[in-house]
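Inspection log for the structure reproduced underneath, given as structure tokens.
The values are calculated or read from the model by the stated rules, or taken from the named source; none is laboratory data. Model, not experiment: these values are computed from the prediction. Neighbour counts run over all protein chains shown; Cβ positions are idealised from the backbone, glycine included.
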Amino acid sequence: MSTYQWLLVFHVTGAFLLLGGGAFAASLNLIALGRDRPSDIVLLFGLIRIAVVAISLGTLLAFVFGLWLVHEANYRYGDGWVIAAIVTLIAANALGGAGGRRDEKTAQLARKLAADGDEPSAELRARVHDPISLGLSYGSGLLLVLVLALMIWKPGA
Amino acid sequence: MLALIRPDAWNLPLFLHVLGATVLFGTVGVVAVAGFAIRRGTDHQLLLARVAQRTYMLGVIPAYIVMRVGAQWIDGKEFPNGNEPGWVGVGFLVSDAGALLLVVVGILLAVRRERILLAVPLLTGLYVLALGVAWVSMSGKP
């Protein structure tokens with residue numbers, strides 16, 4: 001295989017880890033919305049950490065090999081779709097990171113409540129359903145889908 | 001370099017194919033992880049079984065359909081005469097054998113609703129690896 005083909009393999013691997021990790025986290029988050037027991041939230045938010053690892057690794061692979069591909073395929077770093085994809089990817093990570101920090105505080109509360117009798121709590125329920133946290137996380141996911149669309153359509157290329 | 005020059009009409013089916021495949025990868029991963037987590041003797045067996053069942057029904061099946069429809073759509077545009085290269089064959093092998101495997105997983109999840117059988121994480125883990133082989137083959141086009 002050529003250098004271009006190898007770079008594409010690693011770039012696409014990054015995209016799979018990134019978008020697949022997002023789907024993984026969303027699946028568990030949607031189930032957490034229907035649970036009240038703190039220990040259930042601890043388990044589900046704990047499993048979401050697997051997605052965080054995949055998303056972090058995927059972002060790195062997609063970004064590094066994507067930039068290398070731009071050079072290898074003779075695109076320009078100043079092309080509109082390249083800049084839009086980079087900005088959107090950074091924005092997606094910023095939103096996801098902010099949502100993740102809020103979720104970590106929710107997980108800390110859930111761990112405390114689980115250790116103190118594991119009884120449902122209005123505060124925990126409110127935090128799991130917090131519209132800002134959900135907006136940040138799902139907004140991040142939508143931006144990742146937008147990055148995929150930019151990669152495929154390459155508007156202006 | 002030919003891969004860089006793609007008619008606009010191929011973009012939507014390719015987008016659907018890749019989006020479906022990535023979501024399929026993530027949701028099959030959830031079923032596998034839930035199945036392996038249950039083996040660790042957790043007291044949340046019913047919750048993990050529900051995670052696997054709901055993710056299978058609401059994530060895996062729709063994602064598979066989007067991936068497979070996108071694959072057939074773009075295959076018809078890119079190779080209208082059916083002379084597909086080997087890397088396309090790898091993709092169809094993984095998707096079609098995967099459909100059979102996912103049917104088996106669905107039956108196993110329906111048969112034992114309170115607990116995930118060991119075969120479920122083993123089969124879904126195998127499918128996650130097969131999806132990896134497919135995306136390497138389809139993106140590298142060796």
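Sort out which residues of segment B:62-92 are of a type in the set (A, V, I, L, M, F, W, C), surrounded by 15 or more Cβ atoms within 10 Å (Cβ to Cβ) and touching a residue at least 40 places away in the same chain (Cβ under 8 Å), and write them in order of number. Lay out the reasoning, then the answer.
Kept after step one, since they are of a type in the set (A, V, I, L, M, F, W, C), are these residues of segment B:62-92: B:63, B:65-67, B:69, B:71, B:73-74, B:79, B:87-88, B:90, B:92.
Filter again for surrounded by 15 or more Cβ atoms within 10 Å (Cβ to Cβ), leaving B:63, B:66-67, B:71, B:73-74, B:87-88, B:90, B:92.
Scanning segment B:62-92 gives B:ALA63, B:VAL66, B:MET67, B:ALA71, B:TRP73, B:ILE74, B:TRP87, B:VAL88, B:VAL90.
Taking the residues in segment B:117-131 that are of a type in the set (A, V, I, L, M, F, W, C) and within 14 Å of another protein chain (Cβ to nearest Cβ) as candidates, determine which candidate is surrounded by the most Cβ atoms within 10 Å (Cβ to Cβ). Break it down into steps so the answer makes sense when it comes.
Filtering segment B:117-131 for residues of a type in the set (A, V, I, L, M, F, W, C) gives B:117-120, B:122-123, B:126, B:128-131.
Checking the rest, the ones that are also within 14 Å of another protein chain (Cβ to nearest Cβ) come to B:128-131.
Details: B:VAL128: 18, B:LEU129: 10, B:ALA130: 17, B:LEU131: 23.
In this case the residue turns out to be B:LEU131.
Scan segment B:107-114 and tell me whether some residue there is more than 14 Å from chain A (Cβ to nearest Cβ), among the β-branched types (Val, Ile, Thr), surrounded by 15 or more Cβ atoms within 10 Å (Cβ to Cβ) and in a helix (DSSP H, G or I).
Residues of segment B:107-114 more than 14 Å from chain A (Cβ to nearest Cβ): B:107-114.
In the following step, the residues that additionally are among the β-branched types (Val, Ile, Thr) were identified as B:107, B:111.
Then drop every residue that is not surrounded by 15 or more Cβ atoms within 10 Å (Cβ to Cβ), which leaves none.
Scanning segment B:107-114 turns up no residue that is more than 14 Å from chain A (Cβ to nearest Cβ), among the β-branched types (Val, Ile, Thr), surrounded by 15 or more Cβ atoms within 10 Å (Cβ to Cβ) and in a helix (DSSP H, G or I).
Please find, within segment A:1-54, the residue that is surrounded by the fewest Cβ atoms within 10 Å (Cβ to Cβ) out of those that are facing chain B (nearest Cβ under 8 Å) and among the β-branched types (Val, Ile, Thr).
Step by step, filter segment A:1-54, then rank; the result is A:ILE50.
Tally the residues that are at pLDDT below 95 and away from chain A (no Cβ under 11 Å), restricting the search to segment B:49-70.
Counting residues in segment B:49-70 that are at pLDDT below 95 and away from chain A (no Cβ under 11 Å) gives 1.
Pick from segment A:109-134 the residues that are assigned to a helix (DSSP H, G or I) and loosely packed, with under 13 Cβ neighbours inside 10 Å: which of them is farthest from the other protein chains (Cβ to nearest Cβ)? Let's see the steps before the verdict.
So the first thing to find is which residues in segment A:109-134 are assigned to a helix (DSSP H, G or I), and the list is A:109-115, A:122-128, A:131-134.
Those left that are additionally loosely packed, with under 13 Cβ neighbours inside 10 Å: A:115, A:122-123, A:126, A:131-132.
Details: A:ALA115: 14, A:ALA122: 21, A:GLU123: 21, A:ALA126: 21, A:PRO131: 22, A:ILE132: 24 Å.
So the residue we want is A:ILE132.
Yes or no: segment B:84-91 includes at least one residue that is more than 27 Å from A:SER39 (Cβ to Cβ), away from every other protein chain (no Cβ under 12 Å) and among the acidic types (Asp, Glu).
Step one: list which residues in segment B:84-91 are more than 27 Å from A:SER39 (Cβ to Cβ), which gives B:84-91.
Still in the list and also away from every other protein chain (no Cβ under 12 Å): B:84-86, B:88-91.
Now restrict to residues that are among the acidic types (Asp, Glu): B:84.
Scanning segment B:84-91 turns up at least one residue that is more than 27 Å from A:SER39 (Cβ to Cβ), away from every other protein chain (no Cβ under 12 Å) and among the acidic types (Asp, Glu).
Quick one: is B:LEU46 surrounded by 14 or more Cβ atoms within 10 Å (Cβ to Cβ), out of contact with any strand residue (DSSP E or B) (no Cβ under 6 Å at 6 or more places or on another chain) and more than 9 Å from chain A (Cβ to nearest Cβ)? I'd like the intermediate steps shown before the answer.
Numbers: surrounded by 14 or more Cβ atoms within 10 Å (Cβ to Cβ): no; out of contact with any strand residue (DSSP E or B) (no Cβ under 6 Å at 6 or more places or on another chain): yes; more than 9 Å from chain A (Cβ to nearest Cβ): yes.
Judged against the criteria, B:LEU46 is not a match.
Return the total of residues in segment A:145-156 being facing chain B (nearest Cβ under 9 Å) and farther than 11 Å from A:ALA85 by Cβ.
1
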